[in-house]
Amino acid sequence: MFEVIFQNSVFLVRAYLYLFARILFFGIAIGLSLKGLYAEKDCEKSVCSYFEKTSKSEYKIFIQNKNLYPVSIRLELKLINMTTTLPAPYRTVVSAQTETSIITLMQDKPGQKFKWNYKWWWKSGSFQQRPDYNFVYRLPGTAGTEMYVSQGYNGTFTHNGEFNKYSLDFKMDEGTPIHAARGGLVVNVVNHYTEGGVGEQFKNKQNMISILHDDGTFGEYLHLKENGAIVQEGQKVKTGDLIGYSGNTGYSSIPHLHFHVNHLQSDFNRNRIKTLFKAGGQIKPVYLQKQTRYTVVE
């Protein structure tokens with residue numbers, strides 16, 4: 001959290017996370033310049049925030065997004081005698097691999113004390129994009145083969161609760177080829193885990209691939225074998241492309257592929273959505289049912 005207070009031309013800057021003044025005058029004199037005041041970058045993994053003083057009573061807050069995908073930013077501002085260029089509730093989206101000013105803070109009534117501070121959070125994806133609920137996905141197996149849904153929506157083992165209920169498990173022998181159910185940009189690959197099981201120690205330790213789709217949703221493929229992903233972050237893939245091989249890593253009782261599609265909602269909660277698939281012998285796209293076999297078609 002950063003806090004800035006000005007009164008009668010005497011100032012105090014308190015940066016609870018980072019604080020330093022700009023070093024000037026050939027590296028010998030250390031001065032705190034009113035016009036050049038700034039805070040060191042406060043970074044949370046691959047996203048950073050900092051502010052700069054751009055005039056006597058104006059500040060800009062910047063976000064640096066190093067990710068291959070857009071991120072949504074939420075600010076908590078406390079303002080006294082200040083106005084902003086970003087209306088409450090102070091949320092915005094920063095594009096992939098971009099560094100930009102997201103908000104300007106300005107003194108409201110000149111000559112009077114003003115004060116401000118802020119906290120910030122980020123989440124992957126854009127809360128401004130809406131999913132295409134009618135998009136028809138390809139089954140993530142090899143064309144002409146059958147895929148067995150061992151656990152469907154609202155499953156009793158792990159597909160329950162508001163967050164997990166719209167997930168699918170396909171029973172697969174380890175090393176079975178996995179194909180992209182929808183094209184997009186590969187934004188996350190985990191390849192180094194070697195073990196799996198149903199103990200707590202295995203949770204969040206699965207090899208996986210995450211693909212960003214055109215509508216801002218993420219398709220995620222979990223429990224791949226060690227070094228099972230054959231795509232790289234930043235690579236574009238088309239629907240049906242071979243992306244990896246199934247396994248049994250992470251929180252997993254048998255070799256299988258877990259697949260889900262998620263998006264970021266306007267309330268900043270992440271939600272998984274139901275997905276339609278085309279399957280052999282089906283006239284119309286279908287929502288897959290548990291303990292049912294489906295033939296993969298292009």
Excluding residues on the same chain fewer than 8 positions from residue 225, give the aspartates and glutamates whose Cα lies under 14 Å from its Cα.
173, 174, 195
Any idea how far apart residue 96 and residue 198 come out in nm if each label point goes 7 Å out from Cα toward Cβ?
3.8
Sites matching chymotrypsin sites (Phe, Trp or Tyr not before Pro) across the range 82-152 that sit in DSSP coil, with at most 14 neighbouring C-beta atoms within 10 Å
133
So the FRET efficiency between residue 109 and residue 267, C-beta based with R0 = 41 Å and rounded to 0.05, is 0.75
Take residue 242 and residue 86, extend 7 Å from each Cα along the Cα→Cβ direction, and tell me the distance between the two endpoints in nm.
4.5
Chain lengthening between residue 226 and residue 142 when straightened (0.36 nm per residue, less Cα-Cα):
28.2 nm
Trypsin sites (Lys or Arg not before Pro) within the range 168-263: DSSP coil, no more than 15 neighbouring Cβ in 10 Å:
203, 238
Which order do peptides 286-298, 245-257 fall in by mean Cβ count within 10 Å, highest first?
245-257, 286-298
Need the full-extension length gain, residue 133 to residue 283, defined as separation in residues times 0.36 nm minus the C-alpha distance. One decimal, nm.
52.1 nm
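Computed from the coordinates by the stated procedures, all read-outs in this text should not be read as laboratory data. Note that the structure is a prediction, hence the values are computed from the model and not measured. All Cβ positions, glycine included, derive from the backbone under ideal geometry; neighbour counts span all protein chains shown.
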